[in-house]
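Below is one structure, written out as structure tokens; the observations come after it.
The values are calculated or read from the model by the stated rules, or taken from the named source; none is laboratory data. Worth saying up front: this structure is predicted, and the values here are computed from it rather than measured. Backbone-built Cβ (ideal geometry, glycine too); neighbour counts: all protein chains shown.
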Amino acid sequence: MTKKENPKLQFNTSWEYAPAPESTDHIRLKEKYDLFIDGKFVKPAKGKYFATINPATEQVLAMVAEADTSDVDKAVKAARKAYENVWKKMPPRERGKYIYRIARMIQERAREFAVIETMDGGKPIRESRDVDVPLAANHFFYYAGWADKLEYAFPNRNPQPIGVAGQIIPWNFPLLMAAWKIAPALAAGNTVVLKPAETTPLTALKLAEIIQESGLPDGVVNIITGAGATGAAIVNHPGVDKIAFTGSTAVGKIIINAVAGTNKKTTMELGGKAANIIFEDAPIDQAVEGVINGIFFNQGHVCCAGSRLFIQENIADKVIQKLKDRLETLIIGDPLDKNTDIGAINSKEQLATINKYIKIGINEGAEIYQSSCNLPKKGFWCKPTLFINVAQSSRIVQEEIFGPVLTIQTFRTIEEVIEKANNIPYGLSAGVWTDKGSKIFNLTTKLRAGVVWANTYNKFDPVSPFGGYKESGYGREGGIHGLMPYLNL
Ligand code: NAP
Ligand code: MG
């Protein structure tokens, strides 16, 4: 974009990018996807299918089976049979080999996975290619290594699998969340019934194809599609020993109530509203880039998104101006284009939620700043948005928006910012930008957040545990900690 096209620009970006769309020629989507139960693709009992669309074009990509309670029952029984007869008896080293094989097959099919993820969910191809798919493969590699070393991971304990795990995941990182769930469960010797989100089922189904090809014994992993009711049927099935849920705090609470009084174990990875804190001594340009990445990465569809920015008062004007300038250079549009920074909002419903919060912010009297970019006509889009001069009590500060919307507050002292950052129902993640190591250590102990990034943001690794405080949930995924919820110790 040049200054002539956009007079609001403080500086000229002297280059323009030619379109660089990723090819979709190699993608073969089926017209209809069935349920993956007991190693086979089977039709849903009621014969019902729903459409999954590309949120950037609103085109239907495929029809996907809707599992009802009898399909869920079939999947749970298949998982139970595989657990008792095959998987829990298999020498751990052999289990590990299957998990390694799945990891390698994800790598081999990485391009296919990345393109399908972007088409089905709307996230920029750069992200699905460089983040989602490699991390998903890494999770399988990492947990494959633990399969035959559980007694070393938990010395002087007797680690035993739990049984059948019901796993329910959201739409923001569909393949990656499936990997986070399936890999540790299998390594620990459990079998699985997994349900992807209604709007993004395709990469999980692609994973089912790989799992079938890998020769993993039938029924060890079952992948069934559907909406909330299918998830509820998994939660309520008496044959499930553990529920691993990632999604909203509201649905997490429903699930916790549903399993109360049963023997089912649960882990909950729920919502977030992270504070990203910039101190006066921070490297400002690096911090601005980190803030942009922290909230606009994946359209803000990130549980740990740095959605609340705190800037030390004496540098606030400078940082806000830099943020506005940077907003203008972000490229919004075709998620398949390798230059795109911000893709499509995942669904019409999610866009409505985000727009509702933008209205609330305006009505609450905050000052709004949006990028002056043009949005595509078809599909679901939201301009990257800043809210300046927001109050701590404001709803856009307290509630999770799950979109490309950043609230900005200022602070004077370290005590003040700790107080404000923690004064929120969530506690999943936070970010700190400063030159002083002592400040970082001070904050990491005082911020009530599962992950605190320092001078960086949104960095993930299979080795480090991830999870929340307060209404962001309990239990950890990733690392050795991620094995514990799948083991009786
Ligand atoms: P959601 O509405 O809670 O849905 C999550 C999953 O639960 C979906 O598969 C959904 O099915 C299913 N579901 C809905 N109602 C259910 C019920 N009554 N019983 C059982 N399952 C049910 O969340 P979302 O909108 O997909 O995802 C966004 C949320 O996830 C945000 O709050 C975000 O912070 C959170 N999240 C947290 C983490 C973390 O690690 N803490 C990671 C990613 C996302 P359908 O979608 O098919 O209806
Ligand atoms: Mg879709």
Between a residue in segment 151-165 that is in contact (Cβ under 8 Å) with a residue 60 or more places away in the chain and any residue that is of a type in the set (D, E, K, R) and in a strand (DSSP E or B), which pairs come within a Cβ distance under 8 Å, given they are 6 or more apart or on different chains? ILE162/LYS242; ILE162/LYS265; GLY163/LYS242; VAL164/LYS242; ALA165/LYS242
So THR52 passes all but one of these: (1) crowded, with 24+ Cβ neighbours inside 10 Å; (2) farther than 25 Å from ALA136 by Cβ. Which condition number does it fail? (2)
With the requirement that a residue be touching a Leu at 6+ places or on another chain (Cβ under 8 Å), within 15 Å of ligand 2 (Cβ to nearest atom) and farther than 17 Å from ALA20 by Cα, what does segment 117-149 give you? GLU117, ASP120, ASP132
Condition set touching a residue at least 40 places away in the same chain (Cβ under 8 Å) and either within 16 Å of ligand 2 (Cβ to nearest atom) or part of a helix (DSSP H, G or I) (or both), scope segment 270-289, selection surrounded by the most Cβ atoms within 10 Å (Cβ to Cβ): answer is ALA287
Only one of (1) under 21 Å from the mean Cα position of the chain (by Cα); (2) without any contact (Cβ under 8 Å) to a residue 24 or more places away in the chain fails for ASN236. Which number is that? (1)
Residues of segment 37-64 being near ligand 2 (Cβ under 10 Å from one of its atoms) and not in a loop (DSSP other than H, G, I, E, B), in sequence order, are ALA51, THR52, ILE53, VAL60, LEU61, ALA62, VAL64
Filtering segment 222-268 for residues that are touching a Gly at 6+ places or on another chain (Cβ under 9 Å), aliphatic (A, V, I, L, M) and crowded, with 18+ Cβ neighbours inside 10 Å leaves a count of 9
Within segment 158-173, work out how many residues are within 16 Å of ligand 2 (Cβ to nearest atom) and either polar (S, T, N, Q) or closer than 11 Å to PRO485 by Cα (or both). 1
Please give the number of the condition LEU489 fails out of (1) at pLDDT 95 or above; (2) surrounded by fewer than 19 Cβ atoms within 10 Å (Cβ to Cβ). (1)
Considering every residue within segment 81-91, establish whether at least one is in the same structural domain as PHE140 (by TED's automatic domain parsing) and within 16 Å of ligand 2 (Cβ to nearest atom). no
Quick one: count up the residues across segment 136-158 that are surrounded by fewer than 20 Cβ atoms within 10 Å (Cβ to Cβ) and either within 21 Å of LYS338 (Cα to Cα) or in contact with a strand residue (DSSP E or B) (Cβ under 6 Å, 6 or more places away or on another chain) (or both). 0
Residue list for segment 174-220, restricted to those being charged (D, E, K, R), within 15 Å of ligand 2 (Cβ to nearest atom) and over 15 Å from the mean Cα position of the chain (by Cα): LYS206
